[in-house]
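Below is one structure, written out as structure tokens, with a few remarks after it.
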Amino acid sequence: MAITDQFAPTLPMIAGVPTTQLAKQFGTPTYIYDASSILQRIEQLRRFDVIRYAQKANSNLAVLDLIRRSGVLVDAVSVGEIYRAKRAGYSLTGNPAPVVYTADIFDQAALDLVVDEKIHVNLGSPDMISQYGERVKSGEITLRINPGFGHGHSQKTNTGGEHSKHGIWHDQLEECTKLAAKYGLAVTGLHMHIGSGTDFEHLSQVCTAMLQMARRVGQSIHVISAGGGLPTAYRDSDESVDIDRYFDLWDQTRRQLQQDLGHPISLEIEPGRFLVADAGYLVTEIRAVKTMGENLFYLVDAGFNNLARPIMYGAYHPMAIAHRQPRDLKLQAVVVGGPLCESGDIFTQQEGGLVDTRNLPVASVGDYLVIQCAGAYGFVMSSNYNSKPFATEVLIENGQPRVIRPRQKPEELYASEILD
Ligand code: LLP
């Protein structure tokens, strides 16, 4: 593995604070988030009219509050996410809508909440249009479109094409605008989240599809949303996305549409990962170092209950060691695993489960292993499997770490269960 400063295999500091100090002060496993990294990422997207954070990536209230204070709006995919947004200080209505509910279905509670609180909805199925229309009888909606093709880092995250459950199939656009009109609903915007990655050829296909479909809807369109899917570099070799080029492609689409329709069009982007992935570190402690035939294992105190991405997608996360005592940095190939009673509880695996090794510094029990780029889809996808409590979350702002969620207590694991 190439070793660079960015993904160095040792990590003495996180956001200016010694890693060992953080580990000792907050215990392990702990998620640490660097606020300044999130703020920098937001600045990179300022050319868009609206940055709408896809909070599914990391919905801790303190993270949402930080993002809200930077003027970023929010997306919600569930009742829980709407409540979180509200608790973090977002108003539920306004123009542009501070909170947008985007989904492919309404469960009953979500439908009641968006109707009662007049939350803007971005609808991903014809059934949502009729269920919503029956309740509100008039108003504005936006539609999430599946243009018939997609892109994603794995089969499980590809969000376009025939095998995807997301959005309204492009052929059904007219049917859906008619359905909306039947209920007095105006379609004021279109949204396409199809996981474009850094592939600009693909992105320009998406932009063309957006333009064609917005023209088909016509005068009522005032917003187009590029969705999420802005990538982040997990490996040294991953290219970082050229944001200006990304913006320019969308901006051209918007300008063209403005010309066609003769009125201003607002351009939104809906990033999750891009804003928070890099900012997050999962600090773990090495609890066993053992050999299995040819393989050497570092077993740490975090598992896929804490970070599911490697086991779900074979996702690669950079890793580094923070030694308790200074020592020489000889590298060795290791398999990194967690504490769960499952052989799949391995952080160094490829998609499909093939176990891999990683070159990491020689380390012993008591040293810390930090899993990097873990701020997106990390804590939020964690579980209590094996009755493991949720990890602590810590936010570092201006060099000051503070707990934004304490470690779950063992008795909290079953506090809502009923005995007898
Ligand atoms: N907007 C919509 C409608 C989405 O469905 C998503 C992600 C986003 C925005 C944000 O996408 P992002 O910018 O974060 O790529 N758990 C997977 C990712 C699932 C993404 C689901 N939808 C992972 O860990 O990679």
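Database remark: amide H of ALA279 closer than 5 angstrom to the amide H of GLY375 (H placed geometrically; neighbours at sequence offset of 5 or more, or on other chains; Pro and chain starts carry no H).
Summary value for the chain: 19 percent relative contact order, contacts being C-alpha pairs under 8 angstrom separated by 6+ residues.
Annotation: amide H-H contacts under 5 Å for ALA76 (H modelled 1.01 Å from N, sequence separation of 5 or more, or interchain): VAL100, TYR101, THR102. For PHE26, what accessible surface area do you get with a 1.4 Å probe? Give it in Å², rounded to 10. Approximately 30 Å² of PHE26 is accessible to the 1.4 Å probe.
Counting alpha carbon pairs within less than 8 Å and at least 6 residues apart, what relative contact order, in whole percent, applies to region 199-348?
Values: 176 pairs, mean separation 31.2, N = 150.
It comes to 21 percent, rounded to a whole number.
Starting from the Cα gyration tensor of region 316-420, take the square roots of the eigenvalues, sort them a ≥ b ≥ c, and report rounded, prolate or oblate (rounded when a/c is under 1.5, otherwise prolate if a/b is larger than b/c, else oblate). In terms of gyration-tensor shape, oblate. A Förster radius of 41 Å, combined with the Cβ-Cβ distance separating GLN252 from GLN40, puts the computed FRET efficiency at roughly 0.95. Couplings 3J(HN,Hα) of region 232-238, computed from phi: 10, 7, 8, 10, 3, 7, 5 Hz, in residue order, whole Hz [Karplus 6.51 cos²θ - 1.76 cosθ + 1.60, θ = phi - 60°; x for Gly and Pro].
Of LYS165/LYS388; LYS24/LYS409; LYS86/LYS165; LYS86/LYS178; LYS290/LYS330; LYS290/LYS409, which ones are farther than 22 Å apart at the Cα?
From LYS165/LYS388; LYS24/LYS409; LYS86/LYS165; LYS86/LYS178; LYS290/LYS330; LYS290/LYS409, over 22 Å: LYS165/LYS388; LYS86/LYS165; LYS86/LYS178; LYS290/LYS409.
Based solely on its DSSP helices, what 222 nm [θ] is calculated for the chain when runs of n ≥ 4 H residues each add -39,500 (n - 2.57) and the sum is averaged over all residues, nearest 500 deg cm²/dmol?
On the way: 11 runs with 113 residues, N = 420.
Helix contribution divided over all residues of the chain: -8000 deg cm²/dmol.
The dipole here belongs to the chain: it is taken about the Cα centre, uses +1 on the Cβ of Lys and Arg and -1 on the Cβ of Asp and Glu, and is about 680 debye.
Express as a percent, rounded to the nearest 5, the fraction of DSSP beta bridges in the chain (both residues included) that run antiparallel.
On the way: 31 of 68 bridges.
For the chain, the DSSP antiparallel bridge percentage is about 45.
The values are calculated or read from the model by the stated rules, or taken from the named source; none is laboratory data. The structure presented is a predicted model; accordingly, all values stated were derived computationally and were not measured. When we count neighbours, we look across all protein chains shown, and the Cβ atoms used for this are built from the backbone with ideal geometry, even at glycine. Ligands, DNA and RNA are stripped out before the accessible areas are found, and what is left, the full protein with its side chains, is counted by its heavy atoms. Shrake-Rupley method; radii C 1.70, N 1.55, O 1.52, S 1.80 Å.
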